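Undergrad: Please read through the structure below; I'll follow up with questions.
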Amino acid sequence: MMNDKLVFLGLLYFIQGIPYGLQSSLLPVYLRGAGHSLTRISLTKILYFPWVLKVLWAPLVDRTGTKRYWLVGTVAGLALTCLVSATISPDVQYMVVAGSLLAMNLLASVQDIAADGVAVRLLRGQGELGLGNTVQVVGYKAGSVFAGGGLLAVIDVAGWGWMFTLLACVYGGVALFVWGAPVLDGESARGQGEGRRGPKDVMQPWKVWRKLLSVPGTPWTMFYVLTYKLGEQGAITMFPLFLLDHHMTARELGVWNGMVAMAFSICGSSIGGFLLSQYR
C-alpha cells in the first residue's frame, strides 16, 4: 500500500515538473537559437505568476469537488494545451507560445494544490512524510529533467510539433491512470466531511497570510528562500544561454545542464528525505 501511494504521488509530481523544465531549460535555449534577445527570453519568467497567485484559488480547490476530479481535469487540460501548442510555429508566434505556457503554469499550479491535498491525506507518520517529501521533490525534478533535458534532444531531432504531441500523450495517459487510481477510492466522502468542518477564514487568504507572518521567524525564512530561489533561477536560466552563445549545441546542453546537473540535485534531495525518514 505504501508503495502504491509513493508511485501515485511520484507520477503526479513528475508531470507537474514538466512545465517548469520546458520554461526554465528548454524554451530559453530554443528561443535563443531562434535569434530572440536575452531581454525577451528573461521576460518569460512572468509566466510563472500563476504559482504566486495560487493562494487565491487554493481554498476553492480544497473545499469544492473531489481531488480526483481536480487532478483529472487539470491533467486533461494540460494534454489539450499541448495538442494546441503542437500546431504553433514558435519562431514567429512568440505571444501564442507565451499564452500556451501561461495556461500550462495555471493548470499545473491548480494540480499542485490538489496533489498536495492528496499527499496530506495519504501519508501518515514521520517516516511516511519523509519518504513522501523525497518522492515529491525527486518526482518534480525528474519531470523537469525529462522536459528540459530529454525533450531538448527530442526537439533537436523531431521538431516542436512532435515534441508537444509526445507530451500530450503523456498527460493523456496520466489522466486515465488518475481516473482509475485505487488510492483515491473513498476520497469523496472524506473530502466532503472535511469541507463542512473547515474554518471560515480558509476562504479568506489574507487572514491566513496574516497568521502565517505572525509566526516568529517566518519573514526571515521567506526572505532567505526568496533570495536562494532568485539566485538559482538566474543560474539555471542564464548560464545555459551563455554556453549556447559560446557554441555549445542544444543537445549537449540538454545532457549537461538538463540531466547531469539535475541528477546531482535529485541525489541531494533523496539523501535529505532518507535522513529525515531515518533520524527524524
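The values are calculated or read from the model by the stated rules, or taken from the named source; none is laboratory data. In this text, all values refer to a predicted model and were calculated from it rather than measured experimentally. Backbone-built Cβ (ideal geometry, glycine too); neighbour counts: all protein chains shown. SASA here: full protein model, heavy atoms, side chains in, ligands and nucleic acids out. Shrake-Rupley method; radii C 1.70, N 1.55, O 1.52, S 1.80 Å.
Undergrad: How large is ³J(HN,Hα) for each residue in region 145-157, as worked out from phi by the Karplus curve 6.51 cos²θ - 1.76 cosθ + 1.60 (θ = phi - 60°), to whole Hz, x for Gly and Pro?
TA: 5, 4, 7, x, x, x, 6, 5, 6, 5, 5, 5, 9
Undergrad: Another one. Taking a temperature of 10 °C and a viscosity of 1.306 mPa s, what whole-number D in µm²/s does Stokes-Einstein yield for region 57-110 with Rh from Kirkwood over alpha carbon pairs?
TA: In µm²/s, the coefficient rounds to 130.
Undergrad: Further question: Just by accessible area at a 1.4 angstrom probe, what is the order of LYS207, LYS54 from largest to smallest?
TA: In descending accessible area the options line up as LYS207, LYS54.
Undergrad: Further question: Heavy atoms only, probe 1.4 angstrom, no DNA, RNA or ligands counted: give me ARG40, ARG121 ranked by accessible area, highest first.
TA: Putting ARG40, ARG121 in descending order of accessible area: ARG40, ARG121.
Undergrad: Heavy atoms only, probe 1.4 angstrom, no DNA, RNA or ligands counted: give me MET238, MET95 ranked by accessible area, highest first.
TA: Greatest to least solvent exposure: MET95, MET238.
Undergrad: Return an integer: the convex hull volume of the alpha-carbon atoms of the chain, in Å³ per residue.
TA: That works out to 137 Å³ per residue.
Undergrad: Residue by residue, what Karplus-based ³J(HN,Hα) values in Hz, rounded to whole numbers, does region 130-136 have, using 6.51, -1.76 and 1.60 with θ = phi - 60° and x for Gly and Pro?
TA: Values per residue, Gly and Pro as x: x, 5, x, 5, 4, 4, 4 Hz.
Undergrad: OK, next. Between LEU38 and HIS247, what length comes free when the chain is fully extended (0.36 nm per residue of separation minus the Cα-Cα distance, one decimal in nm)?
TA: Computed gain between LEU38 and HIS247 is 73.6 nm.
Undergrad: Considering the options HIS246, GLY99, ALA34, tell which one lies farthest towards the positive end of the dipole of the chain, charges being +1 on Lys and Arg and -1 on Asp and Glu at the Cβ, about the Cα centre.
TA: Among HIS246, GLY99, ALA34, the one farthest towards the positive end of the dipole of the chain is GLY99.
Undergrad: Here's something else I'd like to know. Sort largest first and round to whole Å: the equivalent ellipsoid semi-axes of region 1-156, each the square root of five times a Cα gyration tensor eigenvalue.
TA: Rounded to whole Å, the semi-axes are 30, 17, 13.
Undergrad: In whole Hz and in residue order, list the ³J(HN,Hα) couplings for region 239-245 that follow from phi through the Karplus curve 6.51 cos²θ - 1.76 cosθ + 1.60, θ = phi - 60°; x for Gly and Pro.
TA: 4, x, 5, 4, 5, 5, 5
Undergrad: Give, in nm to one decimal, the length gained when the segment between GLN233 and ASP185 is fully stretched (0.36 nm per residue of separation minus the Cα-Cα distance).
TA: 13.4 nm
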